[in-house]
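Engineer: Quick one: the structure is below, questions incoming.
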Amino acid sequence: MRINLIAAAALLFAIGCGEQAPKISDNTIIEEEVQEVMVYSHRHYDIDQVLFDEFEAQTGIHVNVLNSSADELTVRMQNEGENSPADLFFTSDAANIVNAQSLGLLQSVNSALLNNAVPLNMRAVDGSWYGLTMRARVLAYNPDKVSADELTTYEDLANENWAGRILVRSSSSTYNQSLLASIIANDGDSAALAWASAVRANMAREPKGNDRDQVKAIAAGEGDIAIVNTYYIGKLVNSENELEKEAGEAVKLFFPNQDGRGAHINISGGGVTKYAPNKENAIKLLEFLTSVEVQQRFADGNYEYPVNPNAQPSELLQSWGTFKMDLLPLQVLGDLNKRAVEIFNEASWN
Ligand code: FE
């Protein structure tokens, strides 16, 4: 919070000039405070600013944003300590927000609105972080090379039927680390290592590029099936680049493990920082972003699913059909992150 300096300066100037102070009762001018909230954000989507502006129009609270990578912002908050101006930390991937939580950079909040808006598996039990938008990590496949009835589970990607056909990015991606963490949690440690080793052996090429590059590689005939986050398909089919659009339209999506635990999901999440100077405003912004009215647009901005079950996904996402999701508490993805990274190393999945 800062005092409205211009009003205060004007008042001092008037007094300094020997003029009579304006007839304003009880110093209301100098007590007027600028309400604000500071977000350290790894999210970088146009819709965020649109919604921050809307939040300011509704509440009078101005939203300041500092954009950088999750790692850089985490280190920054560690260095700033209790002098940090950050009120909120937004990341993509649960593993990143859980990491901030385990470093003691977040604080618990207790908000009935937030607890009602965000399902239990998509928030910290202690209220130190909440899911904001949701994505699934699914299979994109070339329908000319793969028939839908060949597709079943993540575990099945270890089958030799997929030898030389799988496209996937490097294990340095938290998206892959979180998927593997979910496999450790569901199948056990040794099964997860066997899985990662077998998928590594089945790859069509060295792991490289981002999720979009895997879909483009399918279109280029380099492989038949890729592991990707759902929103990248949305980005591709809406791309202004013709080749990207064609690549996105050429693949079909499959949500794995529908007869079992469900497809692996992840979130972009936000938490109130440990030393938030504007804690109440931070909670208000989280409540705004997870409200039914705002969720659909917030999620649509990156072709994601709303976390609030009362909000509808976009038409494009609805066209992919409804799916069963793995209800594993996403906290576990962060808790098992270190082990997932070790297993990838053991499996030579670079
Ligand atoms: Fe991403």
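The values are calculated or read from the model by the stated rules, or taken from the named source; none is laboratory data. Everything quoted here is computed from the prediction, not taken from an experiment. A quick note on method: Cβ atoms are made from the backbone with ideal geometry, for glycine too, and the neighbour counts reach across all protein chains shown. For accessibility, only protein heavy atoms count, side chains too; no ligands or nucleic acids. Shrake-Rupley method; radii C 1.70, N 1.55, O 1.52, S 1.80 Å.
Engineer: Any idea which of GLN20, GLN35 is of a type outside the set (A, V, I, L, M) and either open to solvent by 70 Å² or more (accessible area, probe 1.4 Å) or modelled with pLDDT under 95 (or both)?
Structural biologist: Going through GLN20, GLN35 in turn, just one is of a type outside the set (A, V, I, L, M) and either open to solvent by 70 Å² or more (accessible area, probe 1.4 Å) or modelled with pLDDT under 95 (or both): GLN20.
Engineer: Filter the range 185-213 down to the residues that are of a type in the set (S, T, N, Q) and more than 16 Å from the ligand (Cβ to nearest atom), then identify the one that is surrounded by the fewest Cβ atoms within 10 Å (Cβ to Cβ).
Structural biologist: SER190
Engineer: Name the strands (runs of 3 or more DSSP E) wholly within the range 221-277 that hold at least 1 residues that are within 16 Å of the ligand (Cβ to nearest atom) and surrounded by 24 or more Cβ atoms within 10 Å (Cβ to Cβ)?
Structural biologist: 225-229, 265-272
Engineer: Shifting gears a bit: Please tell me if SER147 is away from the ligand (no atom under 16 Å from the Cβ), within 20 Å of the chain's Cα centre (by Cα), hydroxyl-bearing (Ser, Thr, Tyr) and open to solvent by less than 60 Å² (accessible area, probe 1.4 Å).
Structural biologist: no
Engineer: Okay, moving on. If we keep just the residues of the range 278-293 that are over 29 Å from GLU80 (Cβ atoms) and in contact (Cβ under 8 Å) with a residue 60 or more places away in the chain, which is surrounded by the most Cβ atoms within 10 Å (Cβ to Cβ)?
Structural biologist: SER291
Engineer: Sticking with this structure for a sec: Have a look at VAL237, VAL292 and point out the one that is in contact with a Pro (Cβ under 9 Å, 6 or more places away or on another chain) and over 26 Å from ALA70 (Cβ atoms).
Structural biologist: Criteria check complete, one pass: VAL292.
Engineer: Being under 23 Å from the mean Cα position of the chain (by Cα) and either farther than 19 Å from ALA247 by Cβ or away from the ligand (no atom under 13 Å from the Cβ) (or both): is that true of SER182 here?
Structural biologist: Considered against the rule, which asks whether it is under 23 Å from the mean Cα position of the chain (by Cα) and either farther than 19 Å from ALA247 by Cβ or away from the ligand (no atom under 13 Å from the Cβ) (or both), SER182 comes out as yes.
Engineer: Suppose the filter is open to solvent by 10 Å² or more (accessible area, probe 1.4 Å), more than 16 Å from the ligand (Cβ to nearest atom) and either assigned by TED's automatic domain parsing to the domain that holds TYR45 or closer than 30 Å to ALA250 by Cα (or both); does SER68 pass it?
Structural biologist: no
Engineer: Take the conditions at pLDDT 95 or above, of a type in the set (A, V, I, L, M), assigned to a loop (DSSP other than H, G, I, E, B) and touching a helix residue (DSSP H, G or I) at 6+ places or on another chain (Cβ under 8 Å) and apply them to ALA86. Does it pass?
Structural biologist: The answer is yes for ALA86.
Engineer: Still on this structure: Does ASN96 fit the bill of being assigned to a helix (DSSP H, G or I), within 16 Å of the ligand (Cβ to nearest atom) and either of a type in the set (A, V, I, L, M, F, W, C) or closer than 30 Å to GLY270 by Cα (or both)?
Structural biologist: So ASN96 passes the test.
Engineer: Any idea which of ASP211, ASP259 is among the charged types (D, E, K, R) and over 21 Å from the mean Cα position of the chain (by Cα)?
Structural biologist: Just one listed residue meets the conditions, ASP259.
Engineer: Sticking with this one: Kindly evaluate LYS216 against the criterion of being within 16 Å of the ligand (Cβ to nearest atom) and open to solvent by 20 Å² or more (accessible area, probe 1.4 Å).
Structural biologist: Here the answer is yes, as LYS216 does meet what is asked.
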